[in-house]
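**Q** Below is a structure I'd like to ask you about.
The values are calculated or read from the model by the stated rules, or taken from the named source; none is laboratory data. Bear in mind the structure is a predicted one, so any value in this text is a computation, not a measurement. Because the Cβ atoms are built from the backbone with ideal geometry, glycine has one as well, and the counts that use them run over all protein chains shown. Please note that ligands, DNA and RNA were not included when accessible areas were found on the heavy atoms of the full protein model with its side chains. Shrake-Rupley method; radii C 1.70, N 1.55, O 1.52, S 1.80 Å.
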Amino acid sequence: MSEQLLNIEHLSVSFKTYAGTMHAVRDVSFTLDEGETLAIVGESGCGKTVTSKSIMGLLPKQNSIISPESKITFMGRQMIGLSEKEMAEVRGRDISMIFQDPMTSLNPTMKVGEQIAESILIHHKVSKDEAMKKALEMLELVRIPNAKQRMKQYPFEFSGGMRQRAMIAVALVCKPKILIADEPTTALDVTIQAQIMELIGELKKELNMGVILVTHDLGVVASVADSIQVMYAGKVVEYGKSREVFYSPKHPYTLALLKSVPRLSTENKDVLYSLKGTPPDLIVPPDGCPFAARCEYGMNLCRRVNPQYTVFSETQKASCWLHDERADRSGLPESMFGGNI
């Protein structure tokens, strides 16, 4: 059996702003096992990146608040409350993160090889020559051509895809147990996207890591994710194995995300589905289901009372009143109740 690497329970994160307290993440719970890829999917502002940065201990201390009930446990160790020095020992060595924009994440004044070696020197007692040797091996592992020459170049001399590969090399050089990839393919063309996702998958198998893939694009995760967690307005609205979420989505928001992905069967003149409306204001979160105002199947109850999770299998659950036995299901898509989409 795979070892459980990460266990998050009732994570709630808020931020103090000039307009009031914004509740960015609200009662989020999930686990990550060794060798598992978990995709966290949702629109911008749904809480994906805040959840990731909470794990890394990278939230701004001056205005962020993690609720007392929140627990982030990494291999049995409670992470919330660790000192900055203790967190610095974990970051990079045990848990690493690929950030969304490699151009702003890489140091423009340092050569790429030195940036990769720096992580080794921080976490391991080795000489600089040995660290540079491992950095070269890592660049070759992430398929950077002419790695020896590229070691001596600066980030601006790399293309977008190569910078992303360099970021992966920085994140993986210490062979962490967990890799968090925050929108790793956002600024890349589709060919490079596929290469980066394939590379992450291969390195996951080679290092037996757990991977958390943060994205707004369900098309990116289709072939790589073992489990999918759909977030909306700071909450997890659906969780399940990849096949369950793709072939039998249980929440209208998940269904909307799937419908908005272009398909090979789509005709040229077909209008691509677009979800109307905007997410709610999280300074004043709604009392009921956060998706109710945009849901085409919503009921009056949805706006007043937040639904509990309905469990469909050992691995799939969703938070939606439509699965209550008293709900009127006429006109609802068959896929929400067991059929294929």
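**Q** Got a number for carbon plus sulfur as a percent of region 26-96's accessible area, 1.4 Å probe?
**A** Whole-percent figure for carbon plus sulfur exposure: 51.
**Q** Rounded to the nearest 20 Debye, what is the dipole magnitude of region 18-161 about its Cα centre when Lys and Arg each give +1 and Asp and Glu each give -1 at the C-beta?
**A** Numbers: 18 positive and 18 negative charges, 74 e Å.
Using only the charged Cβ atoms, the result is roughly 360 debye.
**Q** Averaged per residue, what accessible surface does region 149-263 expose to a 1.4 Å probe, in Å²?
**A** Result: 36 Å² per residue.
**Q** Placing +1 at every Lys and Arg Cβ and -1 at every Asp and Glu Cβ, with all other atoms neutral, what dipole size does region 77-222 have around its Cα centre, in debye to the nearest 20? Before the final figure, lay out the partial values.
**A** Working: 19 positive and 19 negative charges, 99 e Å.
Dipole of region 77-222, to the nearest 20 debye: 480 debye.
**Q** Please say if region 128-284 is rounded, prolate or oblate, where rounded means a/c under 1.5 for a ≥ b ≥ c the square roots of the C-alpha gyration tensor eigenvalues, and otherwise the choice is prolate for a/b larger than b/c and oblate otherwise?
**A** On the way: a/c = 2.27, a/b = 1.91, b/c = 1.19.
Cα axes put region 128-284 in the prolate bin.
**Q** Could you name the lysines whose alpha carbon sits less than 29 Å from that of Lys235, not counting residues in the same chain fewer than 8 places away?
**A** Lys16, Lys48, Lys53, Lys61, Lys71, Lys177, Lys204, Lys250, Lys259, Lys276, Lys317
**Q** First measure r as the distance between the Cβ atoms of Val305 and Gln78, then evaluate 1/(1 + (r/R0)^6) with R0 = 30 Å and state the FRET efficiency to the nearest 0.05. Could the numbers behind the result be given before it?
**A** On the way: r = 33 Å, r/R0 = 1.09.
About 0.35, to the nearest 0.05.
**Q** How large a share of the accessible area of region 112-159, in percent, is made up of carbon and sulfur atoms when the probe is 1.4 Å and the other protein chains stay in place? Numbers along the way, then the final one.
**A** Values: 1460 of 2920 Å².
Here carbon and sulfur together make up 50 percent of the probe-accessible area.
**Q** Same structure, new question: At R0 = 56 Å, how high is the FRET efficiency between Glu130 and Arg243 if r is their beta carbon distance? Nearest 0.05 is fine. Could you put the intermediate results ahead of the total?
**A** Numbers: r = 44 Å, r/R0 = 0.79.
After rounding, the FRET efficiency stands at 0.80.
**Q** A follow-up question, please. Could you give the length gained on full extension between Lys259 and Thr21, defined as 0.36 nm per residue of separation minus the Cα-Cα distance, in nm?
**A** Details: separation 238, 0.36 × 238 = 85.68 nm, distance 3.35 nm.
Length difference between fully extended and current span is 82.3 nm.
**Q** Under 16 Å from a point placed 7 Å out from the Cα of Glu9 along the Cα-to-Cβ direction: which residues of region 19-57 have their backbone N that close?
**A** Flagged as within label range: 27-32.
**Q** With all protein chains present, how much of the accessible area of region 196-341 (probe radius 1.4 Å) comes from carbon and sulfur, to the nearest whole percent?
**A** On the way: 3750 of 7630 Å².
The value for region 196-341 is 49 percent carbon and sulfur by accessible area.
**Q** Express in whole angstrom the spacing between the alpha-carbon centres of region 137-189 and region 78-97.
**A** Each part's Cα centre sits 22 Å from the other's.
**Q** Please report, largest first and rounded to whole Å, the three semi-axes of the ellipsoid equivalent to the chain, where each semi-axis is the square root of five times an eigenvalue of the C-alpha gyration tensor. Could the numbers behind the result be given before it?
**A** Numbers: eigenvalues 272, 109, 65 Å².
Whole-Å semi-axes of the equivalent ellipsoid: 37, 23, 18.
**Q** Sticking with this structure for a sec: What is the dipole size for the chain, taken about its Cα centre, with +1 at each Lys and Arg Cβ and -1 at each Asp and Glu Cβ, in debye to the nearest 20?
**A** Values: 39 positive and 40 negative charges, 118 e Å.
So the dipole magnitude of the chain works out to roughly 560 debye.
**Q** First check a/c for region 234-313, with a ≥ b ≥ c the square roots of the eigenvalues of its C-alpha gyration tensor; if it is under 1.5, answer rounded, and if not, answer prolate when a/b is larger than b/c or oblate otherwise. Don't jump to the answer; show the numbers that get you there.
**A** On the way: a/c = 2.41, a/b = 1.42, b/c = 1.70.
Since a/c reaches 1.5 but b/c is at least a/b, the shape of region 234-313 is classed as oblate.
**Q** Taking 0.36 nm per residue of separation and subtracting the Cα-Cα distance, what length does fully extending Glu157 through Glu86 add?
**A** This chain segment gains 22.1 nm when fully extended.
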